[in-house]
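Okay, structure first, notes after.
Please treat every number below as a calculation from the coordinates, not as lab data. Every value quoted in this text rests on a predicted model; they were computed, and no experiment measured them. Glycine gets a Cβ as well: all are built from the backbone with ideal geometry, and neighbour counts include every protein chain shown.
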Amino acid sequence: MTENTHTAAVRDALTPDQLAFLAAAGGAAPSLHNSQPWRFRATGDRRALLVLRDPSRAVPATDPTGRALHVSVGAAVLNLRVAAAALGVEAQLHLLPDPQQLDLLARLDFARPEPDAGPLPDAELYPAVAERHTSRQPFANRDVPEQLVGELMAAADHEGVVLAMLEEYETRRVLALTADAERRTAADAAREAEARSWVRLEAPATDGIPAEALGPLDHDAHVPVRSFTGHPPTSVPRSAHFEALPQLATFTTAHDDRSAWVRTGMALERVWLLATAHGLRASVLHQAVEWPDTRWQLRDPETGPGYVQIILRLGYGPAGAATPRRPVAEILQLS
Ligand SMILES: Cc1cc2nc3c(=O)[nH]c(=O)nc-3n(C[C@H](O)[C@H](O)[C@H](O)COP(=O)(O)O)c2cc1C
């Protein structure tokens with residue numbers, strides 16, 4: 001699938017430094033358990049960047065179909081495009097460009113915009129790439145303004161994904177499904193062990209989740225945050241009072257294929273960056289999407305058919321801690 005925009009011009013070669021700048025932004029994307037399942041490879045003429053999945057960084061017990069892996073890579077694609085815009089370069093997207101190469105998820109062709117085209121709109125999102133962190137802390141009882149909700153919906157729609165901010169009834173239903181899924185995960189030794197294997201409590205690391213990024217459990221048990229350290233948790237046992245009614249956004253696609261998954265990641269990151277730029281915090285509640293039957297029940301009967309891909313909890317509160325990333329040299333291949 002090709003996406004052409006108004007600025008198509010002469011294809012442009014980037015320098016190694018510019019490519020490293022892009023890769024650092026791509027690598028800052030969110031990913032399941034901070035697994036960072038991506039690789040970037042510049043073409044020989046450096047006029048394009050290939051985005052590949054890295055199957056060696058899969059999370060197979062939790063994500064057997066690779067759906068979340070594709071969502072994570074999609075988030076990295078969005079960051080790459082935003083970073084290119086910050087350099088004044090348009091990165092034209094070709095999704096799944098080669099059916100023979102399953103690892104190749106996207107190609108970005110670089111183009112210099114027309115001189116009078118003005119700054120690329122995505123450049124405004126660039127500062128949020130480094131500011132965005134998952135916040136698993138309690139949020140304030142303060143609504144996201146309706147106008148901003150409209151902007152977040154438009155941001156998801158830009159990538160072909162439907163964002164719905166849930167009303168109270170739907171929110172409670174989705175929280176109950178998430179709690180159910182979290183209980184099942186607790187009873188699944190392989191998933192529990194896998195989640196724990198991505199927690200980095202002591203040694204400095206370049207992936208996984210450090211202790212300071214983990215949040216408290218909900219004292220009132222109505223926000224079922226993921227327990228990364230076991231049931232009952234073996235560390236970070238404290239609990240705190242969460243917001244009375246979390247503000248949840250679902251991301252839904254019409255299809256459930258690889259293209260929809262990558263698009264979901266792009267929409268997730270576009271929404272998350274925009275939210276960050278407006279002072280909002282966010283965390284992902286993914287558990288109910290990880291079990292086929294709870295995922296099926298996530299569908300909102302009111303809004304018709306569609307596949308729920310991810311759930312984001314939005315609100316105002318403390319920033320999350322930064323999580324580590326692999327060095328650019330490990331994820332970027334220059335030729
Ligand atoms: C597909 C996907 C699923 C995720 N699921 C959860 C989740 O269920 N619970 C959670 O606390 N964080 C979840 N996360 C957030 C990641 O743990 C987080 O992005 C990663 O640790 C990197 O941290 P950062 O977002 O602060 O950069 C998910 C992220 C993605 C992309």
Compactness index (Cα Rg / 2.2 N^0.38 Å), segment 27-80: 1.16
Extension gain from Arg112 to His222, taking 0.36 nm per residue of separation minus the Cα-Cα distance: 34.6 nm
Distance between modelled label sites at Glu151 and Glu167, nm, 7 Å Cα→Cβ extension: 2.6 nm
For segment 153-244: span of alpha carbons on each principal axis (Å, largest first): 41, 31, 26
Stokes-Einstein translational diffusion, the chain - Kirkwood Rh over all Cα pairs, 1.567 mPa s, 4 °C, in µm²/s: 64 µm²/s
Ranking of Val73, Val308, Val89 by count of other Cβ atoms within 10 Å, fewest first: Val89, Val308, Val73
Note, ³J(HN,Hα) from phi for segment 204-212, Karplus 6.51, -1.76, 1.60, rounded to Hz, x at Gly and Pro: x, 9, 10, 8, x, 10, x, 3, 5
5 angstrom amide H check on Gln333, placed H, neighbours 5+ away: Phe40, Arg41, Ala42
Magnitude of the charge dipole, segment 180-335, Cβ model with Lys/Arg +1 and Asp/Glu -1, debye to 20: 300 debye
Segment 146-315: projected area of the alpha-carbon convex hull, averaged over directions, in nm²: 10.5 nm²
Net length gained if the chain between Arg142 and Ala13 were fully extended (0.36 nm per residue, minus Cα distance): 41.8 nm
Relative exposure of Thr134, Thr229, judged by other C-beta atoms within 10 Å (fewest first): Thr229, Thr134
Helix-derived mean residue ellipticity, 222 nm - over the chain, DSSP H n ≥ 4, -39500 (n - 2.57), to 500: -10000 deg cm²/dmol
Fewest-first ranking of Met165, Met153, Met266, using other Cβ atoms within 10 Å as the exposure measure: Met153, Met165, Met266
Model label zone, Ser56; criterion: amide N under 13 Å from point 7 Å along Cα-to-beta-carbon; scope segment 295-335: 330-332
Residue of Ala48, Ala58, Ala190 that the Gaussian network model of the chain assigns the largest fluctuation, springs spanning Cα pairs under 10 Å: Ala190
Karplus (6.51, -1.76, 1.60) ³J(HN,Hα), θ = phi - 60°, over segment 63-70, in Hz, Gly and Pro reported as x: 10, x, 8, x, 4, 5, 4, 5
